[in-house]
Amino acid sequence: MNVLYELDSTIEKKVFPYQQVKGVVEKEGFSLGGAWEYDHGYFDYKLATDDGYHFLRVPFHSIKGEIENENAVIKLNKPYILTHRYQDDVDAYAESSVMQASFNQFQSPVEKDANIPTPYIEKGKIVLKNLETLLNQL
């Protein structure tokens, strides 16, 4: 089970050309989360991998075209910090796999109500603030 910590943001509900946003977020260390669909997705920034996986996630959905199409337009949704803790016996597999392994819904977490450590919340807020500055200049 994942634990979420929602963050207020100036980019929430803003509309951008997908390719333009993708270029900005990738330069800042975000990647397109592996669970994207043609009409929605997530930009993920890995905060840490100790005792689980901690990401700043910026969800979005398409309002014009399909994701990855040249003319797609997206609307950003409410960002959040995501924490998922795995059982020890699957850590080695998850560490060696691509980012999608960190969100494998079929693995049981160590703590179903894992708290997000304060340092990751603070780091996520800083990363988000920097991203807001860049995207608000588009």
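The values are calculated or read from the model by the stated rules, or taken from the named source; none is laboratory data. In this text the structure is predicted, and so the values were computed from the model without any measurement. Calculation scope for accessible area: heavy atoms of the full protein, side chains included, ligands and nucleic acids excluded. Shrake-Rupley method; radii C 1.70, N 1.55, O 1.52, S 1.80 Å.
Return one whole number: the accessible area per residue of the stretch 19-87 in Å², for a 1.4 Å probe.
Working: 3050 Å² over 69 residues.
With all protein chains present, the stretch 19-87 gives 44 Å² per residue.
Between residue 13 and residue 28, 0.36 nm times their residue separation minus their Cα-Cα distance comes to what?
Numbers: separation 15, 0.36 × 15 = 5.40 nm, distance 2.03 nm.
Full-extension gain reported as 3.4 nm.
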Which number comes out as Rg/Rh for the stretch 1-60 once both Rg and the Kirkwood Rh are worked out on C-alpha atoms? 0.96
